[in-house]
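The values are calculated or read from the model by the stated rules, or taken from the named source; none is laboratory data. Please read these numbers as outputs of a predicted model, since none were measured by experiment. Counting neighbours? That spans all protein chains shown, and the Cβs are built from the backbone with ideal geometry, glycine included. The protein model used for the area step is the full one, side chains on, heavy atoms only, and it has no ligands, DNA or RNA in it. Shrake-Rupley method; radii C 1.70, N 1.55, O 1.52, S 1.80 Å.
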Amino acid sequence: MTVKGMGPHPPLMAFNPVFCLKLSSWARALTPQTAETDAIRFLVGTQSLKYDNQIHIIDFDDENNILNKNVLLHQVGEIWHISTSPADRGVLATCYNKPSDSKVLTCAAVWRMPKELEPGSHESPDDSSSTAHSLELLCHLDNTAHGSTACVMWEPTGDGKKVISLADNHILLWDLQESSGRAVLSSSASLEGKGQLKFTSGRWSPHHTGTQVATANDTTIRGWDTRSMSQIYCIENAHGQLVRDLDFNPNKQYYLASCGDDCKVRFWDTRSVTEPVKTLEEHSHWVWSIRYNHSHDQLVLTGSSDSRVILSNMVSISSEPFGHLVDDDDLSDQEERRPEEKSQEPPQDSVIATYEEHEDSVYAVDWSSADPWLFASLSYDGRLVINRVPRALKYHILL
């Protein structure tokens, strides 16, 4: 099912961002600090060939509308992917470029940030006056024998001791030791077939007691059982061109979203993968990033190299397709439902807003782990934009 110009109303344009920050380097890696559920914090990794690369810790003080920034030195190379532990807010993993025997490999490592960089420290948001701190290397994910690492995924509901890395055509499950001084490869699987098969992205499902992972390679999406490292479903030709990103619906265990170089966003039910449940065609260039809202799964963010961020309301395939259902018996005399409300049709899918603050390709979008109504987007020129879900929609969802 393809939706173009969804809904009866045109999308709202050009919302004023909550905050916009321009870093002094190229950047494409963005993540919220997953274990931090009290303070609004995002991490951004830079890509510089001239200077030492950095991880910028961005704290947003919502009450005072102040943005604070700290800098971590990441001298081992350009950062292509960054992810944070779901259990320890001081631990993170990066994928970075490293020259090796006349070629460049993308390696992966797990790090700890300094303890003094807990949420609440205040530094200037100006690049030049931010004091750089050092990262403590906990362990390498020693996978150079397996090739270049595309991403590192943490077990979503775990204790921060299990990660999966995707290296070329290998899916590798690691156990991080108590000391975190080394990572032990506990199991693995490989793509087999003609040509040079390489994973491009992956996502660990928060459902099924953490036993399922989805991966993308070329135009194919595959599901894996982490207990046996065997394939459990395969969506061939999920997109007309390369699949760039995946995300699981946090409230519906079989629902998966994907995006790709065919400019499309697709939603899948992994129990029946012959056709997508729904397809969106709102972007005009490659779609690099897609994220479900962690609390309200009808809210879906996408970022594209058309320089736009689109917030969609996919209510028809959400966990509450009819909104919050209220029993007539629960209504007071003053709240008695009017006849026209009783026959009201369910809400329609729609584009809520198109954000156009970026001037370069938007490589990453993500929701805050502390505030379900706030999200960030990052473009290659180093511009980080923090936005909010429109207030009218927020109250429509809540009330």
- Note, ³J(HN,Hα) from phi for the range 266-281, Karplus 6.51, -1.76, 1.60, rounded to Hz, x at Gly and Pro: 10, 10, 10, 9, 5, 7, 8, 9, 5, 9, x, 5, 7, 10, 10, 10
- Residue-ordered couplings for the range 132-140, obtained by feeding phi - 60° into the Karplus form 6.51 cos²θ - 1.76 cosθ + 1.60 and rounding to whole Hz (Gly and Pro as x), are 7, 10, 9, 8, 9, 6, 8, 6, 8
- Item | Cα gyration tensor shape of the range 144-276, rounded if a/c is under 1.5, else prolate or oblate by comparing a/b with b/c | oblate
- Would you compute, for the Cα atoms of the range 128-222, the largest minus smallest coordinate along each principal axis and list the three values in descending order, in whole Å? 49, 34, 26
- In terms of the alpha carbon gyration tensor, root eigenvalues a ≥ b ≥ c, rounded if a/c is under 1.5 and otherwise prolate when a/b exceeds b/c or oblate, the range 259-318 is oblate
- Based on the mean of other beta carbon atoms within 10 Å per residue, what is the order of 77-86, 93-102, most packed first? 77-86, 93-102
- Query: So how far apart, in nm, are the two label points at THR157 and ASN64 if each is 7 Å from Cα heading toward Cβ?
  - Reply: 3.8
- Message: Probe radius 1.4 Å, ligands and nucleic acids ignored: give me the carbon and sulfur share of the accessible area of the chain as a rounded percent.
- Response: 46
- Message: Counting only helical runs of four or more DSSP H residues, what would the 222 nm mean residue ellipticity of the chain come to if each run contributes -39,500 (n - 2.57) and the total is spread over all its residues?
- Response: -500 deg cm²/dmol
- Note on the structure: Given a 1.4 Å probe, the accessible area of the chain per residue, as a whole number of Å², is 45
- Task: Please report the base-10 log of the normalised intensity I(q)/I(0) for the chain, using a Debye sum with one equal scatterer per alpha carbon and no solvent, at each q in 0.10, 0.12, 0.13, 0.15 (1/Å).
- Result: -0.65, -0.94, -1.11, -1.47
- Of the cross-linked pairs LYS252/LYS278; LYS98/LYS264; LYS115/LYS161; LYS50/LYS98; LYS162/LYS278, which ones have a Cα-Cα span greater than 24 Å in the structure shown? LYS98/LYS264; LYS162/LYS278
- Message: Apply the a/c threshold of 1.5 to the C-alpha gyration tensor of the range 204-325 and tell me whether it is rounded, prolate or oblate.
- Response: oblate
